[in-house]
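The values are calculated or read from the model by the stated rules, or taken from the named source; none is laboratory data. Computed from a predicted structure; not experimentally measured. Positions of Cβ are backbone-derived with ideal geometry, glycine not excepted, and every protein chain shown enters the neighbour counts.
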């Protein structure tokens with residue numbers, strides 16, 4: 001597994017324009033519709049851990065524990081699993097937006113990941129003083145804290161939560177043809193068009209402006 005010495009520049013942060021970890025996961029394969037070779041952002045297990053920490057699915061201590069304990073072969077398998085989950089999500093979500101049914105293979109892949117996420121958790125009871133008024137009985141990942149697939153299971157649980165909820169009706173694809181990143185439309189009138197207005201929205205507006213100016217000449 002790769003490590004990053006202090007002298008090396010820190011890897012760039014992930015752009016979390018999706019508004020939900022499952023959508024941000026799909027967006028980690030950039031240019032998926034534009035190039036014959038899409039740009040892979042989940043380059044290694046370390047990138048998966050950074051993504052999980054940035055989306056607040058893992059905290060810094062959990063990431064340190066996994067970085068120290070996970071062996072290279074297990075890390076490679078977990079990375080393949082995360083990418084498999086991502087591509088099944090992409091197939092299902094883009095298909096839904098285009099009015100197509102989810103292919104059986106993608107559906108079975110999602111089912112397998114969702115069931116694995118459910119199996120790898122345990123029910124814990126905490127006394128009232130430790131819960132700060134929250135429910136005393138909670139699902140936790142306790143004894144699975146050192147497993148390489150921990151971030152994959154947590155991502156699968158997030159994806160399951162999204163896809164089995166009414167929020168699916170607010171999943172959109174960016175209106176920029178060169179982007180098409182997924183995002184959760186939380187705007188008041190549900191009319192948001194861009195994954196990131198500062199990037200894609202402004203880029204499209206600039207193109208239209210230039211096109212209008214060209215037509216006026």
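Could you tell me which of the residues 47, 116 is surrounded by 18 or more Cβ atoms within 10 Å (Cβ to Cβ), within 18 Å of the chain's Cα centre (by Cα) and either in a helix (DSSP H, G or I) or modelled with pLDDT of 95 or more (or both)?
On the way: 116 fails: surrounded by 18 or more Cβ atoms within 10 Å (Cβ to Cβ).
Only one candidate qualifies: 47.
Checking residue 62 against (1) farther than 17 Å from residue 20 by Cβ; (2) in contact with a strand residue (DSSP E or B) (Cβ under 8 Å, 6 or more places away or on another chain), which test does it fail?
Result: residue 62 passes all but (2).
Quick one: is residue 72 in contact (Cβ under 8 Å) with a residue 24 or more places away in the chain, more than 20 Å from the chain's Cα centre (by Cα), surrounded by fewer than 17 Cβ atoms within 10 Å (Cβ to Cβ) and on the phi < 0 side of the Ramachandran plot?
Working: in contact (Cβ under 8 Å) with a residue 24 or more places away in the chain: yes; more than 20 Å from the chain's Cα centre (by Cα): yes; surrounded by fewer than 17 Cβ atoms within 10 Å (Cβ to Cβ): yes; on the phi < 0 side of the Ramachandran plot: yes.
Yes.
Can you find a residue that is part of a helix (DSSP H, G or I) and under 30 Å from residue 177 (Cα atoms) anywhere in segment 36-43? Give the steps one after another, and end with the answer.
Filtering segment 36-43 for residues part of a helix (DSSP H, G or I) gives none.
No, segment 36-43 has no match at all.
Applying the selection to segment 50-71, what residues are in a helix (DSSP H, G or I) and touching a helix residue (DSSP H, G or I) at 6+ places or on another chain (Cβ under 8 Å)? Outline the logic, then answer.
In the first step, residues of segment 50-71 are kept if they are in a helix (DSSP H, G or I); the result is 50-54, 60-69.
The answer is 50, 51, 52, 53, 60, 62, 63, 66, 67.
Would you point out the residue of segment 119-135, among those that are surrounded by 13 or more Cβ atoms within 10 Å (Cβ to Cβ) and over 16 Å from residue 161 (Cβ atoms), that is modelled with the lowest pLDDT? Can you show your working first?
Of the residues in segment 119-135, the ones surrounded by 13 or more Cβ atoms within 10 Å (Cβ to Cβ) are 120-121, 126, 131.
Retained after the next criterion (residues that are over 16 Å from residue 161 (Cβ atoms)): 126, 131.
Details: 126: 74, 131: 55.
Only one residue fits best here, namely 131.
Restricting the first residue to segment 17-39 and requiring it to be more than 26 Å from residue 161 (Cβ to Cβ), which pairs with a second residue that is surrounded by fewer than 14 Cβ atoms within 10 Å (Cβ to Cβ) meet a Cβ separation below 7 Å and a spacing of at least six or different chains?
If the second residue must be surrounded by fewer than 14 Cβ atoms within 10 Å (Cβ to Cβ), the pairs left are 31/38; 31/39; 34/178.
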